[in-house]
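Working notes, structure below.
The values are calculated or read from the model by the stated rules, or taken from the named source; none is laboratory data. All of these numbers come straight from a predicted model, not from anything done at the bench. Glycine gets a Cβ as well: all are built from the backbone with ideal geometry, and neighbour counts include every protein chain shown. For the accessible areas, the whole protein counts, side chains as well, though only heavy atoms, and no ligand, DNA or RNA atoms are used. Shrake-Rupley method; radii C 1.70, N 1.55, O 1.52, S 1.80 Å.
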Amino acid sequence: MTYVPTFAKALAVSLIALSSAPALADTPANALVIAQNIDDIVTIDPATAYEFSSGEYVTNTYDQLVQYDATDTTTLAPGLATSWEIDAAAKTVTFTLREGVTFHSGNPLRGADVVGSWKRVLVLNKAPAFILGNLGWTADNIEEMVTADGNVVTVRWEGDFAPSFVLNVLASRPATIVDVETAMANEVDGDMGHAWMNQNSAGTGPFSLARYAPGEVMMLNANPNYWNGAPGIERVLIRHVAEAATQRLLLESGDVDMAKNLTPDQVAGLSSNADVKIETYPQTAVHWFSFNQKYEPLTNPALWEASRYLVDYNGMADSFLKGQMEVHQAFWPEGFPGALTDTPFTYDPEKAKAILEEGGVELPLTIELDVINAAPFTDMAASLQQTFAPAGINFEILPGTGAQVITKYRARTHQGMLLYWGPDFMDPHSNAKAFAYNSNNSDDAYVSTTTWRNAWMPPAEINEKTKAALAEQDAAKRDQMYVELQEAMQAEAPFVIMFQAIKQVAMANNVSGFVNGASSDYVYYRLVEKN
């Protein structure tokens with residue numbers, strides 16, 4: 001969509017209506033107004049939310065027992081639990097809940113809410129449920145594995161892995177604690193309050209949901225009774241703006257305080273604006289494309305290998321991705337223990353052609369490539385289309401909203417898919433399970449992994465190595481096992497990992513306190529102030 005003044009005016013009028021702001025070109029002093037592409041959201045119920053934008057929402061409206069906080073996004077800290085005791089031999093963790101915490105409804109936090117929250121995840125059994133399933137939990141056994149006695153919650157797990165892995169699982173998004181009483185009071189047709197939770201918040205977090213209109217706007221109101229201190233801003237208004245050029249114009253005109261999806265060109269264009277600053281945040285997200293193994297023409301390993309030499313990695317990173325991506329070719333992001341930082345692949349079309357010929361790949365080959373209809377995804381898809389064509393591989397680009405693309409991916413109905421992936425929790429097993437493990441490839445065995453979604457069954461030895469790395473107690477040896485897994489995936493897998501993201505956020509100079517950690521689960525607004 002091309003920017004025209006009437007569009008900006010319409011957005012400004014919408015802002016006035018939503019925030020009761022009296023002025024057009026000056027955002028309210030008590031509100032943070034953000035221009036952001038949020039069309040990837042499929043659901044905002046913490047039990048089912050599995051998208052990047054929905055992760056930001058959950059972080060700012062809910063809490064876990066243990067969590068990575070705005071004041072330090074790299075250290076696991078007490079959340080709704082003030083303390084815990086680990087008995088590794090008995091495979092238990094005993095948590096003591098924080099006293100005096102209330103949900104947005106005013107209901108007090110109870111041990112029953114912990115058990116009930118995790119049970120909702122497992123009963124609903126949507127995309128993120130497998131994360132809690134890592135601990136041996138099911139909908140049938142959860143009330144035996146997790147028990148509450150007053151403000152004491154005892155967590156049991158099954159499996160051979162370190163307690164640190166358990167704590168990282170319990171700090172993940174699906175381990176969020178919700179007001180179960182309120183959720184169940186709004187249950188319809190056995191949905192455990194899911195439909196209601198997609199329009200309302202039921203958390204203990206620093207903000208509550210005031211309004212959500214998919215693909216339009218999300219408004220959060222500050223929770224003045226937040227146990228960790230009232231937010232510095234009274235309201236956060238996220239306006240869905242897909243176009244980077246429009247985001248920039250809204251920021252420069254003063255209609256928004258922050259623009260979160262600018263292209264490198266848009267960022268460069270703001271360099272001379274003294275009223276705007278650019279903040280940079282390394283991210284855990286890796287960007288890649290994959291081939292669905294349910295589509296027979298894409299099952300030849302020679303195609304996968306040749307594809308790694310048909311990507312112009314540096315050409316993209318040095319041009320339209322400059323400042324927002326760095327070349328990275330392994331599934332675990334650089335900057336964390338266990339990461340493989342080697343980048344053995346370069347753009348080499350002649351080598352790719354030789355691999356395709358030797359491997360007997362039938363050419364020409366046309367592949368439908370699903371892609372989110374926004375920068376930088378469409379630009380990346382266009383580059384791939386250009387560099388693959390000389391080798392006889394033609395990408396037919398199918399743009400869609402984030403929700404449309406992700407829904408299709410989860411249904412395994414795509415051919416090629418250009419997407420990004422961030423870890424569900426800060427442990428290398430999170431990505432190893434996604435990229436190097438599949439225990440059941442049948443259509444009715446849904447699990448939120450790249451392997452299952454691309455209908456790829458890794459070799460048995462790779463599955464076994466993934467399980468062995470999870471169980472390894474020696475930290476250094478465990479890290480090396482994950483490095484070896486990444487090397488194996490570089491050698492043979494139906495996906496090509498290209499980049500690691502770098503987040504650039506443009507904001508007005510009077511905004512301070514914004515925290516953007518390494519993933520969407522660590523984006524915090526509660527410390528924001530406008531001076």
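Observations
- Residue pairs meeting the criteria (Cβ under 9 Å; at least 6 apart or on separate chains; first without any contact (Cβ under 8 Å) to a residue 12 or more places away in the chain, in the stretch 209-236; second hydrophobic (A, V, I, L, M, F, W, C) and open to solvent by 20 Å² or more (accessible area, probe 1.4 Å)): PRO224/ALA230
- Residue check for ASP379: assigned to a helix (DSSP H, G or I) and over 19 Å from ALA434 (Cβ atoms): yes
- Note on the stretch 219-271: among residues that are of a type in the set (D, E, K, R) and open to solvent by less than 20 Å² (accessible area, probe 1.4 Å), the one that is farthest from PRO28 (Cα to Cα) is LYS260.
- None of ALA306, ALA274, ALA317 is hydrophobic (A, V, I, L, M, F, W, C), surrounded by fewer than 18 Cβ atoms within 10 Å (Cβ to Cβ) and over 20 Å from the mean Cα position of the chain (by Cα) except ALA274.
- Residue in the stretch 443-463 that is over 30 Å from PHE395 (Cβ atoms) and of a type in the set (S, T, N, Q) present: yes
- The helices (runs of 4 or more DSSP H) located wholly in the stretch 432-531 that include 1 or more residues which are touching a Pro at 6+ places or on another chain (Cβ under 9 Å), touching a residue at least 12 places away in the same chain (Cβ under 8 Å) and of a type in the set (Lys, Arg) occupy 475-491.
- Subset tally (residues that are closer than 26 Å to ASN37 by Cβ and either charged (D, E, K, R) or open to solvent by 30 Å² or more (accessible area, probe 1.4 Å) (or both)) for the stretch 69-103: 1
- Any hit, the stretch 354-369, residues being touching a residue at least 40 places away in the same chain (Cβ under 8 Å), outside any loop (DSSP other than H, G, I, E, B) and more than 30 Å from ALA460 (Cβ to Cβ): yes
- Of residues in the stretch 353-370 being under 18 Å from TRP288 (Cα atoms) and open to solvent by less than 50 Å² (accessible area, probe 1.4 Å), the one nearest to the chain's Cα centre (by Cα): ASP370
- Residue list for the stretch 468-483, restricted to those being surrounded by fewer than 17 Cβ atoms within 10 Å (Cβ to Cβ) and out of contact with any helix residue (DSSP H, G or I) (no Cβ under 8 Å at 6 or more places or on another chain): ALA471, GLN473, ASP474, ALA475, ALA476, LYS477, GLN480
- Among the residues of this structure, MET184 does not count as one that is of a type in the set (A, V, I, L, M, F, W, C) and outside any helix (DSSP H, G or I).
- Residue selected from the stretch 128-158 under the condition open to solvent by less than 10 Å² (accessible area, probe 1.4 Å) and farther than 17 Å from LEU470 by Cα, by the criterion farthest from the chain's Cα centre (by Cα): VAL153
- Per-region count, the stretch 104-122, residues open to solvent by less than 10 Å² (accessible area, probe 1.4 Å) and either farther than 19 Å from SER172 by Cα or among the aliphatic types (A, V, I, L, M) (or both): 2
- Just so you know, in the stretch 159-179 the residues that are more than 30 Å from SER105 (Cα to Cα) and open to solvent by 10 Å² or more (accessible area, probe 1.4 Å) include one that is nearest to the chain's Cα centre (by Cα), and it is SER164.
- The residue list ALA508, ALA432, ALA488 contains one member that is of a type in the set (A, V, I, L, M, F, W, C), open to solvent by less than 10 Å² (accessible area, probe 1.4 Å) and in contact with a helix residue (DSSP H, G or I) (Cβ under 8 Å, 6 or more places away or on another chain), which is ALA432.
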